[in-house]
Amino acid sequence: MSIGQEYLRVVRARFLDMKKTAERAMDQCSEEQLFHCFHEETNSIAIIVKHMSGNMVSRWTDFFSSDGEKTDRNRDDEFIHDFHTRKEVMDCWEKGWSTFFQTLNELQETDLLRTVTIRGEPHSVIEAIERQMYHYSYHIGQIVYVAKQLNANNWKTLTIPRSRKTT
C-alpha cells in the first residue's frame with residue numbers, strides 16, 4: 001500500500017470515528033437537550049449540527065469544479081434555531097456527512113496533490129482534508145462537551161473510562 005492510499009484509509013476511518021462519537025453523545029441527550037443553549041452566546045447541539053452540515057455540503061459538493069464556499073451558502077443562517085425535532089437535526093446531520101463521505105470515498109491517491117479552491121484560496125486536496133479534520137473535530141468536541149454537561153449524572157463515557165479506586 002502506498003502512503004497516499006494509507007493516508008486516505010486513515011482519514012476516512014478518523015472521520016467515521018468522529019461522526020460516531022458525536023452520535024453516541026447526541027444519543028444520550030433528550031430532544032429538548034439538543035436545543036439547549038447555556039446562554040445567548042453559545043450554540044446548541046442542533047445549531048452545531050446545522051453549521052457542520054452547511055459546511056460539509058458547501059465544501060464537498062462539486063469539490064473539484066467549484067469553490068468550497070458556495071455562493072448559495074448562507075453561513076449566518078446556520079446559527080438560527082429553526083429545527084423543531086430530533087429527526088430534523090439528524091436528517092441535517094446525515095445530509096452533511098453523506099455529501100462529505102461521498103466525495104471523500106471517491107478520492108484517489110492521484111487526487112491528493114490536486115488543487116481545490118476554498119474561499120478563493122488554492123489548497124491541495126490534502127490541505128483541504130486536513131482543514132476539515134481540524135474544523136469537524138473542533139465541533140465534535142463541542143457536541144460532546146455540551147452533551148456531557150447536560151447529562152453529567154447519567155453520562156456514559158465515549159472513550160476509556162477513568163480508573164476508579166475503591167477505598
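The values are calculated or read from the model by the stated rules, or taken from the named source; none is laboratory data. Since the structure is predicted, the reported quantities are computational estimates derived from the model, not experimental observations. Here Cβ is always computed from backbone atoms with ideal geometry, including for glycine, and neighbour counts include all displayed protein chains. These area figures cover heavy atoms from the full protein model, side chains too; ligands, DNA and RNA do not enter into them. Shrake-Rupley method; radii C 1.70, N 1.55, O 1.52, S 1.80 Å.
Points worth noting:
- Unique residue being more than 20 Å from ARG131 (Cα to Cα), in contact with an Asp or Glu (Cβ under 9 Å, 6 or more places away or on another chain) and either assigned to a helix (DSSP H, G or I) or touching a residue at least 12 places away in the same chain (Cβ under 8 Å) (or both) when the list is ALA25, ALA46: ALA46
- Among residues of the range 84-100 that are within 17 Å of GLN132 (Cα to Cα), those with a Cβ under 7 angstrom from a residue that is crowded, with 18+ Cβ neighbours inside 10 Å and among the aromatic types (Phe, Trp, Tyr), sequence gap 6+ or separate chain, pair up as THR99/TRP60; PHE100/TRP60.
- Condition met for ARG131 (open to solvent by 30 Å² or more (accessible area, probe 1.4 Å), more than 30 Å from ASP62 (Cα to Cα) and charged (D, E, K, R)): no
- Pair list, Cβ < 8 Å and 6+ apart or interchain, from the range 61-80 residues that are over 15 Å from ALA128 (Cα atoms) to residues that are charged (D, E, K, R): GLU78/LYS50; PHE79/LYS50
- All positions within the range 27-38 that are surrounded by fewer than 22 Cβ atoms within 10 Å (Cβ to Cβ) and closer than 14 Å to ILE140 by Cα: ASP27
- Of all residues in the range 58-90, those that are assigned to a helix (DSSP H, G or I), of a type outside the set (A, V, I, L, M, F, W, C) and open to solvent by less than 80 Å² (accessible area, probe 1.4 Å) total 6.
- Note on the range 1-12: residues that are open to solvent by 30 Å² or more (accessible area, probe 1.4 Å), in a helix (DSSP H, G or I) and aliphatic (A, V, I, L, M) amount to 2.
- Here GLU41 meets each of (1) loosely packed, with under 14 Cβ neighbours inside 10 Å; (2) within 19 Å of GLN132 (Cα to Cα); (3) not aromatic (Phe, Trp, Tyr) with one exception, condition (2).
- Any hit, the range 46-57, residues being open to solvent by 50 Å² or more (accessible area, probe 1.4 Å), over 21 Å from PRO122 (Cα atoms) and touching a helix residue (DSSP H, G or I) at 6+ places or on another chain (Cβ under 8 Å): no
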